[in-house]
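Chemist: A single structure is presented below for examination.
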Amino acid sequence: MRMNLPKEVAIIEVGPRDGLQNDPSMVPTPIKTEFITALKRAGIKEMEITSFVSPKWVPQMKDASEIVRAINDSSRNIVLTPNRKGVDLALSEDCKAVAVFVGVSNTFNMKNINKTTLDSLNELKPIIAELKEKNIFVRACISTSFYCPYEGKIAVDDVISLCSAFVDSGVDELSVADTIGMANPKESFELFSRLNELFPQTLLTAHFHDTRGMALANVFAALQAGIHRFDTSAGGLGGCPFAKGATGNVATEDVVFMLHQMGISTGIDLNALKDAVKLIEPHLSRPVESKYYHLPESE
Ligand code: HMG
Ligand code: MG
(Lines give C-alpha, C1' and ligand atoms only; values in the text may rest on other atoms or scores of the structure.)
(Ligands and ions follow the chains in the order given, each with its own letter.)
Protein backbone atom coordinates (compact mmCIF):
# COMPACT_ATOMS: atom_id res chain seq x y z
CA MET A 1 0.00 0.00 0.00
CA ARG A 2 1.29 3.48 -0.91
CA MET A 3 1.10 6.59 1.24
CA ASN A 4 -0.75 9.49 -0.34
CA LEU A 5 2.04 12.07 -0.75
CA PRO A 6 2.65 14.97 -3.16
CA LYS A 7 5.49 14.84 -5.71
CA GLU A 8 6.50 18.36 -4.83
CA VAL A 9 6.35 20.71 -1.84
CA ALA A 10 6.92 24.48 -1.72
CA ILE A 11 9.23 25.83 0.95
CA ILE A 12 8.71 29.42 2.07
CA GLU A 13 11.92 30.49 3.80
CA VAL A 14 11.33 32.77 6.80
CA GLY A 15 14.87 32.80 8.27
CA PRO A 16 15.79 36.37 7.30
CA ARG A 17 12.61 37.61 9.06
CA ASP A 18 11.29 35.20 11.72
CA GLY A 19 14.78 33.72 12.13
CA LEU A 20 16.58 36.97 12.80
CA GLN A 21 13.91 39.16 14.44
CA ASN A 22 14.43 37.63 17.88
CA ASP A 23 18.21 37.47 17.88
CA PRO A 24 19.82 39.99 20.23
CA SER A 25 22.95 40.31 18.03
CA MET A 26 22.40 43.09 15.53
CA VAL A 27 23.24 41.40 12.24
CA PRO A 28 24.85 43.90 9.80
CA THR A 29 22.70 44.63 6.74
CA PRO A 30 25.29 43.34 4.20
CA ILE A 31 25.42 40.00 6.06
CA LYS A 32 21.62 39.75 5.90
CA THR A 33 21.65 40.38 2.17
CA GLU A 34 24.44 37.79 1.69
CA PHE A 35 22.34 35.32 3.69
CA ILE A 36 19.28 35.99 1.53
CA THR A 37 21.35 35.68 -1.66
CA ALA A 38 22.87 32.40 -0.46
CA LEU A 39 19.38 31.06 0.28
CA LYS A 40 18.31 31.97 -3.23
CA ARG A 41 21.42 30.20 -4.59
CA ALA A 42 20.20 27.11 -2.74
CA GLY A 43 16.94 27.24 -4.70
CA ILE A 44 14.58 29.16 -2.39
CA LYS A 45 11.90 30.82 -4.54
CA GLU A 46 9.63 32.33 -1.87
CA MET A 47 11.03 34.10 1.16
CA GLU A 48 10.09 36.54 3.91
CA ILE A 49 13.10 38.81 3.50
CA THR A 50 12.33 41.35 6.25
CA SER A 51 9.52 43.13 8.11
CA PHE A 52 8.29 46.70 8.30
CA VAL A 53 7.56 47.01 12.01
CA SER A 54 8.37 49.58 14.66
CA PRO A 55 12.18 49.78 15.06
CA LYS A 56 11.51 50.46 18.75
CA TRP A 57 9.69 47.15 19.11
CA VAL A 58 11.95 45.05 16.87
CA PRO A 59 15.30 46.81 16.37
CA GLN A 60 16.74 43.95 14.28
CA MET A 61 14.31 44.77 11.43
CA LYS A 62 15.07 48.50 11.26
CA ASP A 63 16.97 48.10 7.96
CA ALA A 64 13.91 46.76 6.08
CA SER A 65 14.07 49.39 3.31
CA GLU A 66 17.77 48.73 2.65
CA ILE A 67 17.12 44.99 2.49
CA VAL A 68 14.28 45.43 -0.01
CA ARG A 69 16.44 47.69 -2.19
CA ALA A 70 19.36 45.23 -2.12
CA ILE A 71 17.21 42.20 -2.98
CA ASN A 72 15.67 43.20 -6.21
CA ASP A 73 14.79 40.19 -8.34
CA SER A 74 11.63 38.65 -9.71
CA SER A 75 11.15 35.83 -7.19
CA ARG A 76 8.57 36.11 -4.41
CA ASN A 77 10.30 38.39 -1.88
CA ILE A 78 7.78 38.87 0.90
CA VAL A 79 7.80 41.69 3.45
CA LEU A 80 5.84 41.25 6.66
CA THR A 81 3.91 44.06 8.32
CA PRO A 82 0.88 44.48 10.60
CA ASN A 83 -0.40 47.94 9.71
CA ARG A 84 -0.98 50.83 7.32
CA LYS A 85 2.37 52.47 8.02
CA GLY A 86 4.25 49.27 7.09
CA VAL A 87 2.17 48.73 3.96
CA ASP A 88 2.84 52.32 2.86
CA LEU A 89 6.57 51.77 3.39
CA ALA A 90 6.40 48.48 1.44
CA LEU A 91 4.57 50.21 -1.42
CA SER A 92 7.05 53.06 -1.47
CA GLU A 93 9.79 50.44 -1.93
CA ASP A 94 7.81 48.82 -4.76
CA CYS A 95 7.36 45.48 -2.94
CA LYS A 96 5.35 42.91 -4.89
CA ALA A 97 4.45 40.55 -2.02
CA VAL A 98 3.20 41.51 1.44
CA ALA A 99 2.42 39.37 4.49
CA VAL A 100 0.10 40.76 7.15
CA PHE A 101 -0.16 39.15 10.56
CA VAL A 102 -2.80 38.78 13.26
CA GLY A 103 -3.15 36.53 16.29
CA VAL A 104 -6.29 34.48 16.89
CA SER A 105 -5.66 35.19 20.56
CA ASN A 106 -6.58 38.70 21.53
CA THR A 107 -4.09 38.82 24.39
CA PHE A 108 -1.25 37.76 22.10
CA ASN A 109 -2.29 40.31 19.48
CA MET A 110 -2.24 43.06 22.12
CA LYS A 111 1.27 42.04 23.22
CA ASN A 112 2.51 41.68 19.63
CA ILE A 113 0.97 44.69 17.92
CA ASN A 114 -0.85 46.61 20.63
CA LYS A 115 -4.32 46.12 19.11
CA THR A 116 -7.19 43.73 19.54
CA THR A 117 -7.58 41.01 16.93
CA LEU A 118 -10.77 42.69 15.70
CA ASP A 119 -9.12 46.11 15.38
CA SER A 120 -6.26 44.55 13.40
CA LEU A 121 -8.68 42.78 11.11
CA ASN A 122 -10.71 45.93 10.54
CA GLU A 123 -7.56 47.92 9.78
CA LEU A 124 -6.29 45.28 7.37
CA LYS A 125 -9.45 44.55 5.33
CA PRO A 126 -9.39 47.74 3.20
CA ILE A 127 -5.60 47.56 2.97
CA ILE A 128 -5.80 44.05 1.51
CA ALA A 129 -8.38 45.21 -1.04
CA GLU A 130 -6.06 48.04 -2.04
CA LEU A 131 -3.05 45.70 -2.34
CA LYS A 132 -5.05 43.30 -4.51
CA GLU A 133 -6.10 46.19 -6.77
CA LYS A 134 -2.40 46.86 -7.26
CA ASN A 135 -1.89 43.19 -8.10
CA ILE A 136 0.29 42.55 -5.07
CA PHE A 137 0.57 39.04 -3.64
CA VAL A 138 -0.92 39.03 -0.13
CA ARG A 139 -0.51 36.44 2.53
CA ALA A 140 -2.09 36.51 5.97
CA CYS A 141 -0.13 34.96 8.82
CA ILE A 142 -2.48 33.63 11.47
CA SER A 143 -0.60 33.45 14.77
CA THR A 144 -1.53 31.39 17.83
CA SER A 145 -3.68 29.03 15.76
CA PHE A 146 -3.24 26.17 18.23
CA TYR A 147 -2.09 27.56 21.58
CA CYS A 148 -1.45 30.98 23.04
CA PRO A 149 1.16 31.57 25.76
CA TYR A 150 -1.39 33.74 27.61
CA GLU A 151 -4.81 32.24 26.77
CA GLY A 152 -3.92 28.54 26.42
CA LYS A 153 -5.69 26.25 23.94
CA ILE A 154 -7.29 28.06 21.00
CA ALA A 155 -10.69 26.94 19.70
CA VAL A 156 -10.64 25.60 16.14
CA ASP A 157 -13.78 27.62 15.32
CA ASP A 158 -11.97 30.86 16.22
CA VAL A 159 -9.12 29.98 13.85
CA ILE A 160 -11.59 29.15 11.10
CA SER A 161 -13.53 32.37 11.51
CA LEU A 162 -10.36 34.51 11.37
CA CYS A 163 -9.09 32.58 8.32
CA SER A 164 -12.49 32.97 6.73
CA ALA A 165 -12.42 36.75 7.21
CA PHE A 166 -9.05 36.95 5.47
CA VAL A 167 -10.16 34.68 2.62
CA ASP A 168 -13.22 36.91 2.15
CA SER A 169 -10.90 39.93 2.07
CA GLY A 170 -9.12 38.41 -0.91
CA VAL A 171 -5.76 37.15 0.39
CA ASP A 172 -3.84 34.76 -1.85
CA GLU A 173 -2.39 32.71 0.99
CA LEU A 174 -3.01 31.81 4.62
CA SER A 175 0.03 30.89 6.69
CA VAL A 176 -1.36 29.19 9.76
CA ALA A 177 1.05 29.20 12.68
CA ASP A 178 1.83 27.23 15.79
CA THR A 179 3.55 30.27 17.30
CA ILE A 180 4.85 28.61 20.48
CA GLY A 181 5.48 25.11 19.13
CA MET A 182 2.89 23.36 21.20
CA ALA A 183 0.63 21.71 18.62
CA ASN A 184 0.76 17.95 18.32
CA PRO A 185 0.44 16.00 15.03
CA LYS A 186 -3.18 15.02 15.74
CA GLU A 187 -4.15 18.68 16.20
CA SER A 188 -2.18 19.66 13.09
CA PHE A 189 -3.84 16.99 10.98
CA GLU A 190 -7.31 17.95 12.22
CA LEU A 191 -6.97 21.72 11.79
CA PHE A 192 -5.28 21.55 8.39
CA SER A 193 -7.78 18.98 7.12
CA ARG A 194 -10.62 21.38 8.03
CA LEU A 195 -8.87 24.37 6.46
CA ASN A 196 -8.11 22.42 3.29
CA GLU A 197 -11.74 21.45 2.96
CA LEU A 198 -13.03 24.96 3.67
CA PHE A 199 -10.61 27.04 1.59
CA PRO A 200 -9.77 25.09 -1.56
CA GLN A 201 -9.06 28.27 -3.59
CA THR A 202 -6.52 29.71 -1.15
CA LEU A 203 -2.87 28.70 -0.86
CA LEU A 204 -2.55 27.06 2.54
CA THR A 205 0.77 27.04 4.33
CA ALA A 206 1.76 25.54 7.67
CA HIS A 207 4.15 27.44 9.96
CA PHE A 208 5.60 25.41 12.81
CA HIS A 209 7.94 26.36 15.63
CA ASP A 210 9.96 23.54 17.16
CA THR A 211 9.87 24.43 20.86
CA ARG A 212 8.98 20.90 21.96
CA GLY A 213 10.60 18.91 19.13
CA MET A 214 7.24 18.20 17.45
CA ALA A 215 7.63 20.38 14.37
CA LEU A 216 8.77 17.68 11.90
CA ALA A 217 5.97 15.39 13.08
CA ASN A 218 3.56 18.30 12.58
CA VAL A 219 4.90 18.88 9.06
CA PHE A 220 4.26 15.22 8.31
CA ALA A 221 0.75 15.39 9.77
CA ALA A 222 -0.05 18.51 7.73
CA LEU A 223 1.27 16.75 4.60
CA GLN A 224 -1.20 13.98 5.31
CA ALA A 225 -3.92 16.60 5.57
CA GLY A 226 -3.08 17.76 2.04
CA ILE A 227 -0.84 20.73 2.85
CA HIS A 228 1.95 21.20 0.31
CA ARG A 229 3.46 24.49 1.51
CA PHE A 230 5.60 25.01 4.60
CA ASP A 231 7.24 28.02 6.21
CA THR A 232 10.67 26.99 7.45
CA SER A 233 13.75 28.79 8.70
CA ALA A 234 17.32 27.96 7.67
CA GLY A 235 19.26 26.79 10.71
CA GLY A 236 16.03 26.52 12.70
CA LEU A 237 16.47 30.15 13.78
CA GLY A 238 13.53 32.08 15.03
CA GLY A 239 10.85 33.01 17.48
CA CYS A 240 8.53 35.88 18.17
CA PRO A 241 9.85 38.32 20.79
CA PHE A 242 6.30 38.88 22.10
CA ALA A 243 5.30 35.22 22.47
CA LYS A 244 6.69 33.96 25.77
CA GLY A 245 8.37 30.58 25.19
CA ALA A 246 8.50 30.74 21.38
CA THR A 247 11.76 29.28 20.09
CA GLY A 248 13.09 28.48 16.63
CA ASN A 249 11.06 27.64 13.55
CA VAL A 250 11.35 24.17 12.09
CA ALA A 251 14.69 24.09 10.24
CA THR A 252 14.54 24.34 6.45
CA GLU A 253 17.35 21.79 6.05
CA ASP A 254 15.62 19.24 8.31
CA VAL A 255 12.30 19.56 6.46
CA VAL A 256 13.99 19.45 3.04
CA PHE A 257 16.08 16.42 4.06
CA MET A 258 13.00 14.56 5.29
CA LEU A 259 11.02 15.39 2.14
CA HIS A 260 13.86 14.41 -0.21
CA GLN A 261 14.32 11.11 1.67
CA MET A 262 10.62 10.48 1.04
CA GLY A 263 11.03 11.19 -2.69
CA ILE A 264 9.29 14.58 -2.54
CA SER A 265 11.08 17.33 -4.45
CA THR A 266 11.56 20.89 -3.22
CA GLY A 267 13.98 22.35 -5.78
CA ILE A 268 16.43 23.03 -2.94
CA ASP A 269 20.09 22.01 -2.89
CA LEU A 270 20.93 20.87 0.64
CA ASN A 271 24.67 21.55 0.38
CA ALA A 272 24.06 25.10 -0.80
CA LEU A 273 21.50 25.51 1.99
CA LYS A 274 24.09 24.42 4.53
CA ASP A 275 26.47 27.03 3.10
CA ALA A 276 23.82 29.71 3.73
CA VAL A 277 23.52 28.60 7.37
CA LYS A 278 27.35 28.59 7.74
CA LEU A 279 27.37 32.15 6.52
CA ILE A 280 24.88 33.46 9.11
CA GLU A 281 25.88 31.33 12.13
CA PRO A 282 28.92 33.41 13.27
CA HIS A 283 26.68 36.50 13.46
CA LEU A 284 24.06 34.94 15.76
CA SER A 285 23.91 34.90 19.53
CA ARG A 286 23.38 31.14 19.74
CA PRO A 287 24.67 28.08 17.90
CA VAL A 288 22.58 26.43 15.18
CA GLU A 289 20.87 23.32 16.50
CA SER A 290 19.27 21.78 13.43
CA LYS A 291 19.91 18.09 12.86
CA TYR A 292 20.98 18.08 9.19
CA TYR A 293 23.45 20.92 9.74
CA HIS A 294 25.45 18.75 12.14
CA LEU A 295 25.57 15.60 9.98
CA PRO A 296 29.03 14.69 8.66
CA GLU A 297 29.71 16.19 5.17
CA SER A 298 29.43 12.82 3.44
CA GLU A 299 25.76 12.23 4.33
P1 HMG B 1 2.56 51.20 18.87
O2 HMG B 1 3.64 51.71 19.75
O3 HMG B 1 1.25 50.86 19.48
O4 HMG B 1 2.20 52.08 17.61
O5 HMG B 1 3.15 49.92 18.15
P6 HMG B 1 2.51 53.50 17.10
O7 HMG B 1 1.59 53.71 15.96
O8 HMG B 1 2.50 54.48 18.25
O9 HMG B 1 3.99 53.41 16.53
C10 HMG B 1 5.17 53.44 17.31
C11 HMG B 1 6.32 53.90 16.45
O12 HMG B 1 6.58 52.94 15.44
C13 HMG B 1 6.04 55.21 15.72
O14 HMG B 1 7.30 55.83 15.54
C15 HMG B 1 5.55 54.72 14.37
O16 HMG B 1 5.75 55.67 13.34
C17 HMG B 1 6.41 53.51 14.14
P18 HMG B 1 7.68 57.14 16.42
O19 HMG B 1 6.67 58.17 16.06
O20 HMG B 1 7.57 56.71 17.86
O21 HMG B 1 9.08 57.45 15.99
N22 HMG B 1 5.77 52.50 13.32
C23 HMG B 1 6.38 51.83 12.33
N24 HMG B 1 7.63 51.88 11.84
C25 HMG B 1 7.93 51.03 10.80
N26 HMG B 1 7.05 50.17 10.28
C27 HMG B 1 5.79 50.10 10.76
C28 HMG B 1 5.43 50.95 11.83
N29 HMG B 1 4.28 51.09 12.52
C30 HMG B 1 4.49 52.06 13.41
N31 HMG B 1 4.93 49.21 10.25
C32 HMG B 1 3.25 48.42 16.28
C33 HMG B 1 2.36 49.17 17.24
C34 HMG B 1 2.39 47.53 15.45
C35 HMG B 1 4.00 49.42 15.41
C36 HMG B 1 4.28 47.61 17.12
O37 HMG B 1 3.59 46.89 18.06
C38 HMG B 1 5.11 46.67 16.28
O39 HMG B 1 5.92 47.09 15.47
N40 HMG B 1 4.92 45.37 16.48
C41 HMG B 1 5.62 44.37 15.66
C42 HMG B 1 5.80 43.12 16.44
C43 HMG B 1 6.54 42.09 15.60
O44 HMG B 1 7.25 42.40 14.65
N45 HMG B 1 6.37 40.83 15.98
C46 HMG B 1 7.01 39.73 15.28
C47 HMG B 1 6.37 39.43 13.96
S48 HMG B 1 4.93 38.39 14.09
C49 HMG B 1 5.54 36.81 14.24
O50 HMG B 1 6.73 36.61 14.40
C51 HMG B 1 4.59 35.65 14.12
C52 HMG B 1 4.70 34.90 12.79
O53 HMG B 1 6.00 34.39 12.59
C54 HMG B 1 3.71 33.71 12.79
C55 HMG B 1 3.79 32.90 14.08
O56 HMG B 1 4.80 32.22 14.29
O57 HMG B 1 2.85 33.04 14.87
C58 HMG B 1 4.35 35.81 11.61
MG1 MG C 1 6.74 32.52 13.49
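The values are calculated or read from the model by the stated rules, or taken from the named source; none is laboratory data. Just so it is clear, the structure is predicted and the values come from calculations on it, not from any experiment. We place every Cβ from the backbone using ideal geometry, glycine too, and count neighbours over all the protein chains shown. Side chains included, ligands, DNA and RNA excluded: accessible areas come from the protein's heavy atoms. Shrake-Rupley method; radii C 1.70, N 1.55, O 1.52, S 1.80 Å.
Chemist: Convex hull volume of the Cα atoms in the range 60-161, per residue, in Å³? Please list the in-between numbers first.
Modeler: Values: hull volume 11.3 nm³, N = 102.
Looking at the range 60-161, the number lands at 111 Å³ per residue.
Chemist: In Å³ and rounded to a whole number, note down the convex hull volume per residue for the Cα atoms of the chain.
Modeler: Numbers: hull volume 35.8 nm³, N = 299.
Measuring per residue, one finds 120 Å³ for the Cα hull of the chain.
Chemist: Another question about this same structure. Just add up the charged neighbours of ASP94: K/R +1, D/E -1, any other residue whose Cβ is under 11 Å from the Cβ of ASP94.
Modeler: Details: positive: ARG69, LYS96, LYS134; negative: GLU93.
Spelling it out: positives minus negatives among the neighbours equals +2.
Chemist: Further question on the same structure: Would you list which lysines come within 19 Å of LYS56, measuring only between C-alpha atoms, while excluding same-chain residues fewer than 8 positions from it?
Modeler: Here the lysines satisfying the reach criterion relative to LYS56 are LYS85, LYS111, LYS115, LYS244.
Chemist: Report the FRET efficiency, 1/(1 + (r/R0)^6), for ASP275 and ASP94, where r is their Cβ-Cβ distance and R0 is 30 Å, rounded to 0.05. Display every interim value, and only then the final one.
Modeler: Working: r = 29 Å, r/R0 = 0.98.
Using R0 = 30 Å, I get an efficiency of 0.55.
Chemist: Can you return the lysines within cross-link range of LYS278? Criterion is Cα-Cα under 16 Å, with same-chain partners fewer than 8 residues away left out.
Modeler: LYS278 reaches LYS32, LYS40, LYS291.
Chemist: What number comes out for accessible area per residue over the range 10-294 if the probe is 1.4 Å? Units Å², please. It would help to have the intermediate numbers written out before the result.
Modeler: On the way: 11070 Å² over 285 residues.
On a per-residue basis, 39 Å².
Chemist: Would you kindly state how much longer the chain becomes between LYS62 and LYS125 on full extension, computed as 0.36 nm times their sequence separation minus their alpha carbon distance, in nm to one decimal?
Modeler: Details: separation 63, 0.36 × 63 = 22.68 nm, distance 2.55 nm.
20.1 nm is the gain from fully extending LYS62 to LYS125.
Chemist: Place a point 7 Å from the Cα of GLU8 along the Cα-to-Cβ direction; which residues of the range 227-247 have their backbone N under 18 Å from it?
Modeler: Output list for this probe position: 227-231.
Chemist: Once you have all Cα-Cα distances for the range 170-299, histogram them in 5 Å bins from zero and send the whole-percent values.
Modeler: Using 5 Å bins, I get a P(r) of 2, 11, 20, 21, 20, 15, 8, 3, 1, 0 for the range 170-299.
Chemist: Here is a follow-up. Can you return the aspartates and glutamates within cross-link range of LYS274? Criterion is Cα-Cα under 17 Å, with same-chain partners fewer than 8 residues away left out.
Modeler: LYS274 reaches GLU13, GLU34, GLU253, ASP254, GLU289, GLU297, GLU299.
Chemist: Now for a separate question. If you average the alpha carbon positions of the range 243-299 and of the range 21-84, how far apart do those two centres end up, in angstrom?
Modeler: The range 243-299 and the range 21-84 have Cα centres separated by 18 Å.
Chemist: May I pose another question? Give me the Debye-computed log₁₀ of I(q)/I(0) at q = 0.09, 0.15, 0.16, 0.22 Å⁻¹ for the range 99-203, equal point scatterers on Cα only, no solvent, two decimals.
Modeler: Ignoring solvent entirely, the Cα scatterers give -0.21, -0.58, -0.66, -1.19.
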